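Inspection log for the structure reproduced underneath, given as structure tokens.
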Amino acid sequence: MPEFEARLSQVEMAHDVTEIISDGGILVAEAGTGVGKSFAYLIPALAWAIGNSEPVVISTATINLQQQIYKKDFPIVSSLFKKPAKAVVVKGRGNYLCKRRLYAAIEEDALFSDSSMKLREILEWDNGGGSGDKSDLALPDDDPIWSRVCSESDYCLSLHCPYHDKCHVIHIRLEAASAQLIIANHHVLLADLEAKRIREGIINTVLPSYQALVIDEAHALEASATSLFSETFSKRSIQRLLLRLSRHKKRIQVGILASLSKLPDIPSMLIDAARLQLENTESSADAFNAVAATCFLENESSVLVKNLSGLNRTMFLSALQNLEKEIALLVTRLGEISEAIAQELEDEESVIELRITLRSLEEMAALLAQFIKPESEPGSIFWLQVDKKNPKEPIVICSATPLDVAPILSERLFEKIRSCICTSATLTINGSFQWWRSRVGLLERGISETRLLEAGQSKSNRDLKNRLSGQTLERNSIQNPRILQKNYPSPFPYSKNAMLAIDTEATPPDSPEFQAYLNTAVAKLLKASRGRALVLFTSHKALRDTYNAVSPLLEQEGVLALRQGQKDRYSLLRTFVNDISSVLFATESFWEGVDAPGETLSLVIITRLPFRVPTDPIQSSRAAAIDARGGNSFAEMSIPEAVILFKQGFGRLIRHSQDRGVVAVLDVRILKKAYGSLFISSLPRCRLAMGALDSICRDVAEFLDNER
Ligand code: SF4
């Protein structure tokens with residue numbers, strides 16, 4: 001292998017992955033930066049896939065890692081094997097072109113003498129052998145044309161589709177079925193589980209059957225599951241269903257009802273009744289959206305349904321009940337049409353489309369019913385969010401989010417999978433996996449070994465038990481021999497190359513003087529480091545204020561100041577990496593996934609410990625549930641979440657063994673609060689500089705000057 005260097009942690013991890021993939025079980029592996037965890041799982045995974053003629057699914061949280069595995073790591077790993085191997089990147093359905101929708105859109109536009117250049121370009125691309133993957137098409141991310149032609153499970157006719165044989169989604173599925181490694185993301189992985197569960201079949205799913213899974217960036221699994229297992233509706237989503245049934249342009253009716261009206265034996269009065277009900281439903285969706293939009297206070301973008309009170313609550317429920325009633329009536333009208341359809345017409349495209357739309361409307365009515373009686377669904381958080389992209393017509397999105405995704409992941413994922421590797425650089429708090437495992441369903445709801453014994457693997461279990469009694473593996477709290485957990489330390493010399501600097505006299509973050517302090521402290525630290533820094537914030541306001549105060553000073557020094565939002569993330573990071581002295585001011589997603597090796601990132605300033613906003617509806621509901629059962633939500637949820645994000649922020653600093661740098665913390669709670677020690681003890685052992693601001697600035701300058 002080119003540039004190969006033996007790393008003990010990597011070899012050890014590869015050994016454990018081999019055992020779990022071969023014998024079954026779950027490995028929870030924290031691998032520090034530089035372990036080379038992707039090689040540690042790719043080599044055993046590929047060996048097993050080739051040897052057993054079965055695919056292994058690799059799931060990542062980010063596209064970056066997906067691309068790195070596919071383009072950089074897999075070619076090297078596969079070259080180590082004599083047998084040829086194939087890897088396929090599988091994305092969510094919405095990334096692929098649906099030929100049926102494309103032809104329908106072109107046909108519809110032709111009917112109205114409209115000619116969309118973009119549709120023609122997409123057609124040419126497709127006819128010219130285009131991959132069907134949106135990323136290969138020069139189309140802006142937010143171009144609305146794509147939503148007219150992309151694949152959606154609710155639109156898919158699957159085996160009944162006239163384009164089935166040439167379908168891009170089916171093609172990628174066949175490709176995946178013949179690959180040894182399937183590189184997906186958490187969203188695809190979880191959506192696939194959901195599709196297989198709901199549809200009770202695999203026709204509509206993207207991933208083929210698999211028994212071995214690697215979840216990389218596993219620290220993000222809970223967030224991905226929270227998003228994926230949320231159900232939503234809005235005026236927009238209702239309109240989309242209604243437009244599928246009927247739409248007209250220039251007085252010509254098109255859509256499912258228009259097609260059905262051409263079939264024999266369907267009484268026109270049934271079609272007319274459905275059209276009338278469709279109009280009623282559309283009006284009530286408009287009315288509901290208008291009422292729901294009044295439920296927000298000024299500057300409020302989300303609200304819990306249970307917190308609505310007084311007139312707001314009464315009007316919201318009344319509009320919701322009316323909407324539910326209208327959708328239920330529409331379902332009845334469409335059901336009447338469905339019953340009138342003769343047996344021999346069952347395979348007609350419009351009939352299949354009717355059944356699919358009917359099912360979607362029934363699901364939507366059921367969701368609305370849950371919103372009307374949220375108390376009957378104690379496991380869900382019902383909340384509203386307002387989208388003000390169009391200030392003249394704000395759209396309210398109603399979501400039902402699981403209060404706890406742990407039981408869902410446990411039941412649908414971990415209990416079903418034979419072998420699973422969960423890995424990330426940030427899974428532990430102060431060396432313990434307890435918290436992460438409890439959040440994803442690998443603690444209380446442990447998986448019994450019975451299923452393994454049934455599968456005739458008693459010897460493997462004995463081996464695992466033996467290993468559990470060894471020095472290197474932690475014994476987990478549920479005494480479940482199927483779950484191994486282990487920390488593979490980073491080989492990087494943190495104690496020599498990294499420094500943690502803490503201002504012991506920093507202004508407390510709840511003080512009104514904190515922003516003024518930040519302006520001074522950030523400016524002084526950046527002077528000491530001569531730029532070359534990433535400044536991480538927990539709020540856009542603090543980011544903006546600090547940037548406005550500090551960037552003129554940086555400009556005077558000839559240092560480029562970059563701010564999140566100035567350009568897209570990719571361009572911003574490229575500029576930051578290429579311009580050595582530049583400084584990037586950022587928040588949110590920039591705490592994770594910024595990979596800027598070398599001198600360009602010599603200082604990370606953590607302006608505030610990254611506690612999540614307590615008013616966030618999901619966060620506050622989960623906290624309330626913990627408190628209600630007698631727990632302490634701050635200790636059980638807020639602190640661990642913040643520690644994991646803090647570790648991610650710290651992890652931006654040292655990306656290569658030669659990297660050298662400082663993480664400066666300007667939140668004095670890390671010293672003054674009892675929980676502060678958890679943040680420090682969760683980091684790799686490194687040098688520590690503590691003192692007043694001027695003192696740590698001198699330490700920073702001295703430490704970085706020694707790098708030459
Ligand atoms: S099978 Fe489904 S995704 Fe493929 S072209 Fe047909 S409708 Fe579209």
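The values are calculated or read from the model by the stated rules, or taken from the named source; none is laboratory data. Note that the coordinates shown come from a computational prediction; the quantities given were computed from them, not determined experimentally. Here Cβ is always computed from backbone atoms with ideal geometry, including for glycine, and neighbour counts include all displayed protein chains.
In region 85-94, of all residues being more than 16 Å from the ligand (Cβ to nearest atom) and β-branched (Val, Ile, Thr), the one that is surrounded by the most Cβ atoms within 10 Å (Cβ to Cβ) corresponds to Val89. If you check Gly51 against the conditions, is it modelled with pLDDT of 90 or more and within 16 Å of the ligand (Cβ to nearest atom)? No; evaluated as a whole, the condition is false for this residue. Each residue in region 229-262 was checked for being buried (at least 19 other Cβ atoms within 10 Å of the Cβ) and closer than 30 Å to Gln68 by Cα, and 1 of them qualify.
For the list (1) in contact with a helix residue (DSSP H, G or I) (Cβ under 8 Å, 6 or more places away or on another chain); (2) modelled with pLDDT under 95, I need the number of the one condition that Gly631 fails. Here Gly631 meets the rest and fails (1). Against the numbered list (1) farther than 26 Å from Leu409 by Cα; (2) crowded, with 16+ Cβ neighbours inside 10 Å; (3) of a type in the set (Val, Ile, Thr), Val214 comes up short only at (1). All but one of (1) in contact (Cβ under 8 Å) with a residue 60 or more places away in the chain; (2) closer than 30 Å to Asn312 by Cα; (3) in contact with a Ser or Thr (Cβ under 7 Å, 6 or more places away or on another chain) hold for Ser234; which doesn't? If we test Ser234 against (1) in contact (Cβ under 8 Å) with a residue 60 or more places away in the chain; (2) closer than 30 Å to Asn312 by Cα; (3) in contact with a Ser or Thr (Cβ under 7 Å, 6 or more places away or on another chain), just (3) comes out false.
Every residue, every condition in (1) farther than 30 Å from Ala6 by Cα; (2) outside the structural domain of Thr546 (by TED's automatic domain parsing); (3) touching a Lys or Arg at 6+ places or on another chain (Cβ under 9 Å), yes or no:
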{"position": "Thr607", "(1), (2), (3)": "yes, no, no"}
{"position": "Gln619", "(1), (2), (3)": "yes, no, yes"}
{"position": "Glu636", "(1), (2), (3)": "yes, no, no"}
{"position": "Phe650", "(1), (2), (3)": "no, no, no"}
{"position": "Ser657", "(1), (2), (3)": "no, no, no"}
{"position": "Ile670", "(1), (2), (3)": "yes, no, no"}
{"position": "Leu683", "(1), (2), (3)": "no, no, yes"}
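Annotation note: of Asp142, Asp192, Asp136, Asp216, the sole residue that is within 16 Å of the ligand (Cβ to nearest atom) and among the acidic types (Asp, Glu) is Asp192.
With the structure loaded, tell me whether Val35 is crowded, with 24+ Cβ neighbours inside 10 Å, not assigned by TED's automatic domain parsing to the domain that holds Gln648 and not in a helix (DSSP H, G or I) or whether it fails that test.
On the way: crowded, with 24+ Cβ neighbours inside 10 Å: yes; not assigned by TED's automatic domain parsing to the domain that holds Gln648: yes; not in a helix (DSSP H, G or I): yes.
In short, yes.
Checking each residue in region 281-295 for being among the polar types (S, T, N, Q), farther than 12 Å from Lys325 by Cα and modelled with pLDDT of 95 or more picks out Ser283, Asn289. In the set (1) closer than 19 Å to Gln66 by Cβ; (2) touching a helix residue (DSSP H, G or I) at 6+ places or on another chain (Cβ under 7 Å), the condition left unmet by Lys99 is number (1).
The criterion of at least 2 residues that are over 29 Å from the mean Cα position of the chain (by Cα) is met, among helices (runs of 4 or more DSSP H) falling completely within region 476-592, by 494-497, 514-529, 540-556. In the set Thr401, Thr357, only one residue is touching a Lys or Arg at 6+ places or on another chain (Cβ under 7 Å) and either surrounded by fewer than 18 Cβ atoms within 10 Å (Cβ to Cβ) or not in a loop (DSSP other than H, G, I, E, B) (or both); that residue is Thr357. The residues of region 155-179 that are part of a loop (DSSP other than H, G, I, E, B), loosely packed, with under 14 Cβ neighbours inside 10 Å and more than 8 Å from the ligand (Cβ to nearest atom) amount to a single one, Ser178.
With respect to being at pLDDT 95 or above, within 14 Å of the ligand (Cβ to nearest atom), aliphatic (A, V, I, L, M) and in contact with a Ser or Thr (Cβ under 9 Å, 6 or more places away or on another chain), Leu97 fits the description. Restricting attention to region 100-133 and to residues that are over 19 Å from Leu243 (Cα atoms) and within 12 Å of the ligand (Cβ to nearest atom), the residue that is surrounded by the fewest Cβ atoms within 10 Å (Cβ to Cβ) turns out to be Asp126. When Lys72, Lys82 are checked against the criterion of being away from the ligand (no atom under 14 Å from the Cβ), part of a loop (DSSP other than H, G, I, E, B), modelled with pLDDT of 90 or more and not assigned by TED's automatic domain parsing to the domain that holds Ile352, Lys82 stands alone in meeting it. Restricting to region 115-154, and then to whatever is acidic (Asp, Glu) and in a loop (DSSP other than H, G, I, E, B), can you tell me which residue is nearest to Gln67 (Cα to Cα)? Among those residues, the one meeting the criterion is Asp141.
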